[in-house]
Amino acid sequence: MPILDKGVWRTDINQLDEIDHFPTQIVPEKDRYHFYYSYGCPFAHRANLVLHYLGLNHVISSSGLAPEMLENGWTFNEVFKDDLFDSRHLYEIYTRAKADYSGRASLPVLWDKKVNTIASHNSAELAFHLATQWQDFAQHSAELVSPELHDDILAMNEWLNSQITMKVYQVGLANSQVKYEHQLAKLFQNLTALDERLSENRYLFGNQITLSDFFLFPTLIRFEAVYADLYKTNLKPLSAFENLYRYMVELYQHPRIQATVDVPHTKRFYYYSQPALNPTRLVPVGPQLAWLDNSKGE
Ligand SMILES: N[C@@H](CCC(=O)N[C@@H](CS)C(=O)NCC(=O)O)C(=O)O
């Protein structure tokens, strides 16, 4: 009898490599899909960035999850409600799609209202699909994946996923000093390489924002607020990478990008939901972030 994994904070980094239980299958259509995300989750953030940047929110509805992830995994509350089914927990969405579902109840999820199933729970594929197949519905047109850059963007996204997004987790969840130091050194080498690339380019691929920027931004925006302290990625402050920092702040100034960021919520998610790393569940008040205070305040 398969046992449903309601979702917890993974302390084993290998468990973050998820297989697709619901292969991505999306047919662009107005009002057909519902997007589940959390402001805290960097994977869901990729797809949320595409959704907002292109202005697809008028054709795809969405619900955010509460920042506290407890014994039943991702949870809805009074503020963060499931607008579709009024569920209490995300795992109910998974069992609605497949009664004997036994995988992880992870975010993001794109729900297909027509077929009554999960159309995607793979953030990379979902973000790519939204960026490339929904142009006809976009309120703001932008070519996030041009034909000329298609292969380079996909390769860059994979590199960013394993060498930046996941690397931060490999540092923070390392279970030995040797592993921690090894992964930390790699992470900072990778940040140095990106900083050099951005010394000659405004964005990862020149002057145009591409999908790859939406794979890097979620990690940068969490770096000072969460990762540097909680995951001990503090070899150097992010501001030591002049170009990366300029790039993050510039992207954050964009109103439709900013709409996808909630730093206090994100801090609560990481600090509250990982008792193995933070047993008191106290959420630090700092650090003060000049780029955040200058725009909308904490
Ligand atoms: N393959 C997934 C992984 C996403 C993922 O790991 N999401 C985390 C939150 S940031 C999650 O929902 N974890 C819950 C769990 O593992 O049970 C994707 O990239 O879409």
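The values are calculated or read from the model by the stated rules, or taken from the named source; none is laboratory data. If you're wondering where the values come from, they're calculated on a predicted model, not measured in any experiment. Virtual Cβ from ideal backbone geometry, glycine too; neighbours counted across all protein chains shown. Surface accessibility is based on the protein's heavy atoms, side chains included, excluding ligands, DNA and RNA. Shrake-Rupley method; radii C 1.70, N 1.55, O 1.52, S 1.80 Å.
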(request) Sort L235, L149, L130 by accessible area with a 1.4 Å probe, largest first. (result) L235, L149, L130
(message) Please list, ordered by chain and number, the residues whose modelled amide H lies under 5 Å from the amide H of S62; skip anything fewer than 5 residues away on the same chain.
(response) F35
(message) Using 0.36 nm times the number of residues separating T117 and D86, minus their current alpha carbon distance, what extension gain do you get?
(response) 9.6 nm
(request) Could you give me the percent of Cα pairs per 5 Å distance bin for region 96-169, shortest bin first, beginning at zero and ending with the bin that holds the maximum distance? (result) 3, 12, 17, 20, 19, 14, 11, 4, 0
(request) Enumerate the calculated ³J(HN,Hα) couplings along region 108-114 in order (Karplus 6.51 cos²θ - 1.76 cosθ + 1.60, θ = phi - 60°), each rounded to whole Hz, writing x wherever the residue is Gly or Pro. (result) x, 9, 10, 9, 9, 6, 6
(message) Going by Cα centres, region 222-298 and region 76-148 are how many Å apart?
(response) 25 Å
(request) Heavy atoms only, probe 1.4 angstrom, no DNA, RNA or ligands counted: give me V50, V283 ranked by accessible area, highest first. (result) V283, V50
(request) Using a 10 angstrom cutoff on alpha carbons, build the Gaussian network for the chain and name the most mobile of T95, T210, T280. (result) T280
(request) Determine the gain in length on full extension of the stretch Q288-Q177; use 0.36 nm per residue of separation and subtract their C-alpha separation, reporting nm with one decimal. (result) 37.0 nm
(message) Step by step: find N for the chain, compute 2.2 N^0.38 Å, then divide the Cα radius of gyration by it. What's the final number?
(response) 0.97
(message) Given Cβ point charges of +1 (Lys, Arg) and -1 (Asp, Glu) and nothing else, what value in debye, to the nearest 20, does the dipole of region 150-261 about its Cα centre take?
(response) 300 debye
(request) List, largest first, the extents of the alpha carbons of region 150-261 along their principal axes, each in whole Å. (result) 41, 29, 23
(request) Rounded to the nearest 500, what is the 222 nm mean residue ellipticity of the chain from helices alone, with -39500 (n - 2.57) per DSSP H run of 4+ residues and division by all residues? (result) -11500 deg cm²/dmol
(request) Pick out which of L244, L187, L84 has the largest mean-square fluctuation in a Gaussian network model of the chain, springs linking Cα atoms closer than 10 Å. (result) L84
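Counting DSSP beta bridges in the chain, what percent are antiparallel, to the nearest 5?
Given both bridge residues lie in the chain, the antiparallel proportion sits at roughly 65 percent.
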(request) Could you quote the convex hull projected area for region 19-67, Cα atoms only and averaged over all directions, in nm²? (result) 4.0 nm²
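Give the accessible surface of the chain per residue, rounded to a whole number of Å², with probe radius 1.4 Å and ligands, DNA and RNA excluded.
Using a 1.4 Å probe on heavy atoms only, each residue of the chain averages 45 Å².
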(message) Between E158 and A259, what is the label-point separation in nm under the 7 Å Cα-to-beta-carbon projection?
(response) 3.3 nm
(message) If I model region 78-226 as equal point scatterers sitting on the Cα atoms and use the Debye formula, what is log10 I(q)/I(0) at q = 0.15, 0.18 Å⁻¹?
(response) -1.00, -1.18
(message) Could you tell me which residue out of L277, V226, Q163 lies farthest along the dipole of the chain toward its positive end? Charges go on the beta carbon: Lys and Arg +1, Asp and Glu -1, centred on the Cα centre.
(response) L277
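Note down the magnitude of the dipole of the chain about its Cα centre, charges +1 on Lys and Arg C-beta and -1 on Asp and Glu C-beta and zero elsewhere, to the nearest 20 debye.
Dipole about the Cα centre, nearest 20: 540 debye.
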